[in-house]
Each structure stands twice: as structure tokens, then as C-alpha cells.
1. Listed here are the pairs Lys356/Lys465; Lys235/Lys403; Lys235/Lys514; Lys271/Lys293; Lys91/Lys223; which of them are more than 25 Å apart at the Cα?
2. Using only Cα atoms, locate the centre of the stretch 80-103 and the centre of the stretch 13-44, then give the distance between them in Å, rounded to an integer.
3. Which one of Met317, Leu304, Asn333 has its Cα pushed farthest toward the positive end of the charge dipole of the stretch 287-357, where Lys and Arg give +1 and Asp and Glu give -1 at the Cβ?
4. Using +1 at the Cβ of each Lys and Arg and -1 at the Cβ of each Asp and Glu in the stretch 480-521, identify which of Met497, Ala480, Thr509 lies farthest towards the dipole's positive end.
5. Take the solvent-accessible surface of the protein heavy atoms, probe 1.4 Å, and return the percent of it on the stretch 218-302 that carbon and sulfur atoms account for.
6. Give me a comma-separated list of calculated 3J(HN,Hα) values for the stretch 291-306, in order, Karplus coefficients 6.51, -1.76, 1.60 applied at θ = phi - 60°, integers in Hz, x for any Gly or Pro.
7. Taking H placed 1.01 Å from N in the peptide plane, check which residues at least 5 places from Glu84 or on another chain put their amide H under 5 Å from its amide H.
8. Report, in whole Å, the centroid distance computed from the Cα atoms of the stretch 407-452 and the stretch 338-358.
Amino acid sequence: MADSLPTEFDVIIIGTGLPESILAAACSRSGQRVLHLDSRSYYGGNWASFNFSGLLSWLKEYQQKSDVAEESTASWQGLIHETEEAITLRKTDETIQHTEVFCYASQDMDDKIEETDDALQKNPSSLTSSTVTKPLDSACLSEETHSYVTSYEMPAKDIPKNDGEISLEVSGVEGTLAEEKYCGDETCRHTVSDGDTDENKPIEEDNNDQLKRNRITYSQIVKESRRFNIDLVSKLLYSQGLLIDLLIKSNVSRYAEFKNVTRILAFREGKVEQVPCSRADVFNSKELTMVEKRILMKFLTFCLDYEQHPDQYQAFMQCSFSEYLKTKKLTPNLQHFVLHSIAMTESSCTTIDGLKATKNFLQCLGRFGNTPFLFPLYGQGEIPQCFCRMCAVFGGIYCLRHKVQCLVVDKESGRCKAIIDHLGQRINAKYFIVEDSYLSEKTCSNIQYKQISRAVLITDQSILKTDSDQQISILIVPPADSGTCAVRVTELCSSTMTCMKDTYLVHLTCSSSKTAREDLESVVKKLFTPYTEAATNEEELTKPRLLWALYFNMRDSSGVSRSSYNGLPSNVYVCSGPDCGLGNEHAVKQAETLFREIFPSEEFCPPPPNPEDIIFDGDDKQPEVSGTNNIIMAKLDSSEGSKNLESPGKHLEN
């Protein structure tokens with residue numbers, strides 16, 4: 001068979017989410033033969049980023065999956081021997097539920113855009129007739145049934161960098177459907193680079209002029225689809241966090257670029273305020289009195305080394321952090337800032353957990369900017385692709401659109417021996433790593449999964465206007481009622497390469513108690529005004545206008561222990577999907593723990609050698625296959641390394 005894969009590997013990894021991609025890079029770097037598979041047509045799984053058309057295609061896939069018959073696959077029963085048994089894998093991904101799409105932007109009648117998808121035409125009943133949902137561009141989907149690719153098949157991004165960017169060479173494995181967002185032509189490069197040249201807008205202007213200038217239609221959003229990079233999961237990187245340390249240590253950082261989150265915001269008494277974080281911010285703040293500034297600085301100084309002063313908190317170990325803050329003479333204003341915008345915890349959080357969170361926040365200040373957080377250009381979905389690229393560089397083989405029908409288990413030893421793919425090929429390996437969503441209902445029958453509520457919004461203004469329209473902000477909205485969760489809001493500007501000029505991309509996240517829309521819609525209404533609603537008062541005029549909204553629930557498998565799965569062989573390891581936390585600490589810890597369990601004597605993601613020091617003698621550990629046009633063995637190339645060193649931006653360093 002011309003498209004057959006090698007039949008022997010050391011490690012087979014199913015799923016290309018962040019923990020699986022980190023493991024793939026670590027295994028390949030340690031000299032293991034790695035096969036990395038994904039039944040999806042894009043990298044990242046639930047950690048992926050899509051351009052706007054790609055997101056609509058992703059939605060269409062989920063909304064239609066129950067009506068689509070399963071594709072016929074090669075019979076695998078005949079490949080199972082008498083001494084073996086099969087563990088079947090799930091045929092469809094069921095980690096996304098309750099998807100709801102609303103379009104508030106009007107249709108520009110001068111633009112003729114063919115409607116191709118009635119399934120997404122869901123209009124809120126309160127909207128006027130001018131509110132139209134728009135078509136799903138299915139042209140971006142590839143007709144191929146499977147694909148074998150490595151990072152060197154992907155065009156690198158050749159985009160000028162801002163001085164404000166914390167640079168890492170952006171040259172990762174591309175993961176949108178049909179790799180639309182990284183086309184190699186001049187038109188695409190020009191389109192993306194325009195986002196870096198936005199000019200600052202004045203804070204105050206005539207409302208009528210503003211309405212005319214910022215009239216964004218749905219047709220424009222669709223036309224500028226490639227300027228959007230929309231994350232399925234909304235996260236930030238702590239500047240002193242595990243992921244940043246791993247990116248620097250492994251030199252994977254050269255494949256990505258980052259920007260500082262510029263503002264920490266708070267929602268108090270119905271309005272959005274900027275939270276002072278650094279010493280300079282505290283003393284420059286106009287929101288705090290001089291007495292409050294001194295009290296806050298004294299408390300934050302204590303939090304940096306609270307372990308050295310146990311007498312100041314031991315009596316409150318059984319209390320909540322919010323109760324403890326009241327004993328520190330903090331005003332209600334300061335208590336709110338510390339609890340929701342610095343510690344970023346729930347009111348019921350314990351005193352110790354609150355102090356730890358506050359200390360972590362403060363320790364991350366100043367490493368790369370004035371806030372503790374970084375955001376990757378082009379979206380969170382870049383990070384898994386960076387690690388996939390590293391795996392490919394060291395010989396890993398990548399196959400998208402490649403389904404695995406079952407795991408083959410030896411009855412006597414209880415160990416997994418092989419997989420059987422959708423082409424009916426049996427592929428052997430020593431270790432198997434599987435993303436949770438691929439496991440069958442039978443394997444997961446004892447598990448009660450948590451859920452994450454997500455909303456993605458496109459708006460026309462920032463939730464807190466300043467003299468710059470290129471702010472990256474994070475806001476925690478406290479729960480309105482007891483028993484509900486706080487909502488985390490991340491607002492991205494066009495310079496992050498995640499949205500078109502004159503728009504903002506807003507992510508809302510919380511732990512689910514109901515459907516995503518029920519959990520998050522009240523917060524959306526507090527912060528934004530639907531585009532079609534006529535403003536009735538000054539407050540409505542000042543709110544950003546909501547152009548488009550998506551709600552969905554995502555499975556959170558991060559708290560599931562290995563013992564909860566039924567009948568897993570000892571050499572099959574499970575990676576979870578995204579958790580609800582702000583950072584990526586859980587994914588990095590999980591990847592490192594599993595790697596050390598599988599290869600206890602190997603170093604986890606060491607720095608790669610200099611390209612000039614690598615000598616190929618023709619005796620690679622990766623198996624060679626004749627007659628395979630679609631399988632590319634990636635080898636490190638010295639010219640690639642030299643090119644990366646010439647990046648004009650600033651590199652992440654310790």
C-alpha cells in the first residue's frame with residue numbers, strides 16, 4: 001500500500017493537544033521513534049485556534065455529527081489473534097456540547113456572500129430583522145481522507161515584528177483547517193502584517209462619527225476571516241510559569257512570539273477599573289487614596305514572603321481568604337482588587353491558597369513586562385504546534401485525518417501491543433499515549449466529567465477605553481449569586497494577530513453549572529450592548545457593541561485519575577483535555593509526570609544541540625519506507641537554525 005506507515009515505533013501518541021504534543025517532543029528528543037496521530041484535520045484538539053471560516057466549519061462539524069453516518073473503515077477483526085483482545089476507541093468526539101451562535105452585525109447589502117449553511121442561522125428573538133447569521137465557508141475543508149505531514153511541509157510565517165513583541169521565531173506547525181491562516185502568498189502576508197500598524201484612537205469622540213467609522217458588518221468579518229485566530233480554550237502564560245520555563249529550556253520558544261498582557265482589570269459596582277499591580281502602578285493610581293496605597297503595598301510586600309511570618313496567618317488557616325483579608329485592615333476596595341484581580345481566586349478559597357496565588361502573581365511581575373502574563377501571537381493554538389514542530393525536527397511522523405479503530409492487547413501480559421488504523425494497518429509500539437476524548441464510553445463509564453462554559457465574542461471597542469486601542473486585558477467578574485463561579489474575561493486586540501482591525505476578540509470562561517449561554521450571558525449583557533439594539537442612555541452608548549457571539553460547553557477531564565478508567569493496559573497512558581485554569585501548569589505537569597514514568601532515566605525536553613554539531617551517518621533510528629510519497633521524515637537542517645537566530649524581535653531568556 002503506497003500510503004502505509006512503518007509498522008514499528010517506540011511510542012504512538014493519539015491526539016495533538018498540548019500535553020500530548022509536549023510528550024511527543026520529549027519522546028522524540030530523547031531518541032524514541034514517535035508516531036503522532038489525530039483523527040481531526042487540524043492540530044491542537046481542544047487547544048486549537050481557527051480563523052473565522054475555520055471556526056464555522058468546526059461548528060458545522062459538531063452540529064451535524066449526529067446526522068452523519070460513520071465512514072466505512074477497513075475490517076480489523078481479522079487482524080486480532082486468538083491470544084489478543086481489542087479495546088475499541090470512540091468514533092466521534094463528544095467533548096463539545098450546547099453550541100449556540102448569534103450574529104448581531106448587520107449584513108452589508110453591497111456585499112454578495114452566498115449562504116451555504118442554514119444550520120448556523122440562529123437569531124436571538126429579541127433582535128431586529130437586520131440581524132443575520134452568516135454562511136459557513138466549507139471551501140476551506142480538504143477533500144483528503146488522511147494526510148501525512150511534518151513541520152517542514154508547513155510554510156513559515158514571514159511577518160515583520162513589532163518592537164513590543166517578545167519574540168520567538170514564529171514558524172510552527174500550522175493547525176487551522178486546510179492551513180488557511182498560513183498561506184504562503186504575498187496577499188496573506190500583507191493582510192496579517194497590517195494588524196501591527198494600527199494607530200491609536202482618541203478616547204472621546206462624537207458618537208455619530210464613531211458609529212459611522214466603526215460600522216462593522218458580518219460581510220467584513222467573513223472577508224477578513226484570516227485575520228482572526230480564535231482559541232477554543234482561553235489561557236495565558238505566567239511569565240514565571242512552568243510552560244515558559246519549558247519553552248526556554250527546550251528552545252521551543254524560537255517557534256513562537258508573545259505579547260505582554262498590558263492590563264489587569266476589575267469589575268466593581270457596575271463599572272470596569274484598571275487594577276494597579278506594580279509599585280509604580282499603585283502610586284500612580286487615581287482610584288486609590290494615599291492611605292489605601294500604603295496599606296496595599298504593605299500587604300503585597302508581606303505576601304511575597306508570607307512563609308517567613310506564619311504568626312500572621314496560622315490562626316486563619318480554617319478561614320476563607322476573603323475573611324482573612326478583612327483582618328488585614330484592607331478597605332473593601334482593596335479586598336476586591338486582591339481577591340479577584342491579583343489572587344484571582346473564588347471567595348471561598350482558603351487563606352493558604354489565596355496567599356500562594358497572590359505570591360505567584362507578584363513573582364511573575366516584571367520578568368517580561370508590567371503584568372504577570374504573556375499571550376502567544378496567533379493564539380493559544382500555536383503552542384501545541386511548536387512542540388509538534390520540535391518532535392518532527394527530531395524524526396517524529398505526523399498523520400492528521402488518521403483514525404485509530406482499536407488498541408490491540410495481549411491477553412497474557414495485559415499490555416497493549418499495537419493499534420489498528422482506519423486503513424486496516426496494524427502498527428506496533430512499546431508505549432501508547434491517548435487523549436481522553438478518544439476513549440470509548442465503556443472505558444469511561446465510571447467517570448463524571450466536569451464542564452467548562454465558554455463564550456467567544458467579536459466586539460467593536462475595548463471594555464475600558466484608553467489612549468491606545470492595542471490593549472490586551474484580563475478581567476475577573478465576581479459571581480452575582482452565591483454558589484456560582486466568577487467569570488474570567490480576556491480581551492485581545494488586533495496586534496495579537498487574533499482579530500481584524502477595529503475589532504476586539506473577547507473570551508469568557510468559567511466552570512459550568514448550566515449551559516454556557518446560561519452561565520455567561522448575564523456577564524455579556526453587563527459588559528456589552530448588542531449591535532442592533534438602540535442605545536437608550538449614556539451608559540449604553542459607552543459600552544462596546546457586540547457583533548458576533550459563540551457559546552459552547554467543553555469537557556474538563558483534568559481531574560480524572562488513571563484508576564477511574566476501565567481496563568486500561570499498563571503501557572497505555574491518558575492525557576486530559578484543557579482544564580478551567582488560567583495557566584497551562586496542569587498540562588505541563590501531566591506531560592512531565594507521564595514522561596518520567598515511561599522513561600525514568602531520560603531528561604525531559606533538554607535543549608536541542610546546535611544544528612552545526614549534528615552529523616547524519618545514514619543510520620537513523622527512524623525506519624525507512626519505500627514507496628511512501630506522503631510520509632516525510634523531518635531532519636534538522638543547519639540553514640533553518642541559522643535563519644531562526646536572525647529574528648529581529650526580542651527572545652525569551654532567563
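1. On the way: Lys356/Lys465 32 Å; Lys235/Lys403 28 Å; Lys235/Lys514 22 Å; Lys271/Lys293 21 Å; Lys91/Lys223 34 Å.
Flagged as over cut-off: Lys356/Lys465; Lys235/Lys403; Lys91/Lys223.
2. 18 Å
3. So the residue furthest toward the plus end is Asn333.
4. The residue sitting farthest along the positive end of the dipole is Met497.
5. Values: 1590 of 3230 Å².
Roughly 49 percent of what the probe reaches on the stretch 218-302 is carbon or sulfur.
6. Each residue of the stretch 291-306 in turn: 5, 4, 4, 5, 4, 5, 4, 5, 5, 5, 5, 4, 5, 5, 9, 4 Hz.
7. Distant-sequence amide H within range of Glu84: Lys411.
8. 39 Å
The values are calculated or read from the model by the stated rules, or taken from the named source; none is laboratory data. Every value quoted in this text rests on a predicted model; they were computed, and no experiment measured them. Counting neighbours? That spans all protein chains shown, and the Cβs are built from the backbone with ideal geometry, glycine included. For the accessible areas, the whole protein counts, side chains as well, though only heavy atoms, and no ligand, DNA or RNA atoms are used. Shrake-Rupley method; radii C 1.70, N 1.55, O 1.52, S 1.80 Å.
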